[in-house]
Amino acid sequence: MQKVSVIIPCRNEIEYIDVFLDSLRNQDYPRGLMEFIIVDGMSDDGTRQYLESIACEDTLVLDNSKQQVSEGLNLGIKISSGDIIVRMDVHCVFPMDYISTLVEYLLKTPNAGNVGVPCETRASDTGLIAASLALVLSTPIGVGGSAFRVASPEIPESVDTVPFGCWRRSIFDLIGVFDTDLVRNQDDEFNQRILKYGFEVHLLPGPKVIYFGRAELLSHIRMFYQYGLFKPLVNKKIGKITTLRQLAPVALVVFLLTNLLLTLALPAISIMSGIVVLGAYLVLAPFFLSNYSGCKFSIYIPFVCCLILTHLAYGVGYLKGFVFGLSEKKVSLSR
């Protein structure tokens, strides 16, 4: 069996670190063939102190002074010694066969450059906003056709990206490490490089990772704004737009801006157009509430609001990144 290096970038995850570490310790892959490298982005909420208090032989905690995921991943990869590199994130709970499933499939599939499993998004607390944000991340109306968020494949499927990742060490020697220009979306760009070199990215059936969405609306909006902000740079680096779904929020923002200007000349048409768009959200939203176990009526309006704001945040970020570029690379990624 191959030695596995598990790279874990984190920052300010004190609310999730204990549950995550339980799922890490419960992995059924042989403990003697794993090393855990936690790269902490200078946490200031007690995460680092907690990590130091539970450090053990097979767990190394490093400082990521630049506080960026790509920098943390590269640092962990550089000092790791495993034949297989697995990324895991703290705000998740991983099934006990997560590592063994990915490693087994990767080793028997030569053309696979990266493999992953679907995510099941859950609310961070019992409030309607947290539940709405979780639904946005797990429905096609929220995230388009993002396979790992909305699908449960019955057989391995070739996709454009998977969450987290599992790679042979040799892939980094061949195509390089993560692009540190990308504070967000670094996994999108890296997966496109994998595809460019003739490998495939596979989404596997079987175990699901439980991912906890944001609890606060502003934090969620900021995250999607940053996703949009860095997406044009990803497109520039890879030389193409990978999926049309990324342009839907941009089209919404452009439409609303145009419609706003139209009010000066044709206010009636402008108002009607706005009503049509809002009506579309209101009509379509109920069809995507099946995953919510509580009262559908109570979450209806919060879900619609979170849905619209998510799309607007991404679209505004994308337009800013496309038109003005990135004035600075440092953005807060704290949860």
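The values are calculated or read from the model by the stated rules, or taken from the named source; none is laboratory data. Keep in mind the model is a prediction, meaning the values are calculated, not measured. For neighbour counting, all protein chains shown are included, and Cβ atoms are generated from backbone atoms with ideal geometry for every residue, glycine included.
Before moving on, here are some points about what is shown:
- Selection count, the stretch 225-282, where residues are surrounded by fewer than 17 Cβ atoms within 10 Å (Cβ to Cβ), closer than 16 Å to residue 309 by Cβ and of a type in the set (Val, Ile, Thr): 1
- Verdict on residue 227 being assigned to a helix (DSSP H, G or I), of a type in the set (Phe, Trp, Tyr), modelled with pLDDT of 90 or more and farther than 30 Å from residue 189 by Cβ: no
- Residues that are small (Gly, Ala, Ser) and part of a loop (DSSP other than H, G, I, E, B) within the stretch 236-250 comprise just one, 239.
- Filter pass, residue 271 being assigned to a helix (DSSP H, G or I), farther than 20 Å from residue 69 by Cβ and free of Cβ contacts under 8 Å to residues at least 12 places away in the same chain: yes
- Being of a type in the set (Asp, Glu) and part of a helix (DSSP H, G or I) is a property that residue 18 has.
- Only listed residue being closer than 16 Å to residue 133 by Cα, modelled with pLDDT of 85 or more and touching a Phe, Trp or Tyr at 6+ places or on another chain (Cβ under 7 Å), chosen from 304, 250, 316: 304
- Residue 12 being touching an Asp or Glu at 6+ places or on another chain (Cβ under 9 Å), in contact (Cβ under 8 Å) with a residue 24 or more places away in the chain, in the same structural domain as residue 99 (by TED's automatic domain parsing) and not in a strand (DSSP E or B): yes
- Number of the exception - residue 177 against (1) at pLDDT 95 or above; (2) not in a loop (DSSP other than H, G, I, E, B): (2)
- Filtered residues of the stretch 49-99 (kept if over 21 Å from residue 118 (Cβ atoms), under 15 Å from the mean Cα position of the chain (by Cα) and surrounded by fewer than 20 Cβ atoms within 10 Å (Cβ to Cβ)): none
- Neighbours by Cβ (under 6 Å, 6+ apart or cross-chain): first from the stretch 21-50, within 20 Å of residue 11 (Cα to Cα); second of a type in the set (Phe, Trp, Tyr) and surrounded by 16 or more Cβ atoms within 10 Å (Cβ to Cβ): 23/94
- Residue 64 vs. criteria assigned by TED's automatic domain parsing to the domain that holds residue 191 and more than 23 Å from residue 210 (Cα to Cα): yes
- The condition of being farther than 23 Å from residue 26 by Cα and touching a residue at least 24 places away in the same chain (Cβ under 8 Å) holds for only one of 163, 156, that being 156.
- Within the stretch 101-165, strands (runs of 3 or more DSSP E) holding 1 or more residues that are over 27 Å from residue 284 (Cα atoms) and among the aliphatic types (A, V, I, L, M): 112-116
- Matching residues in the stretch 180-205 - criterion: being part of a loop (DSSP other than H, G, I, E, B) and surrounded by 18 or more Cβ atoms within 10 Å (Cβ to Cβ): 182, 183, 184, 185, 199, 204
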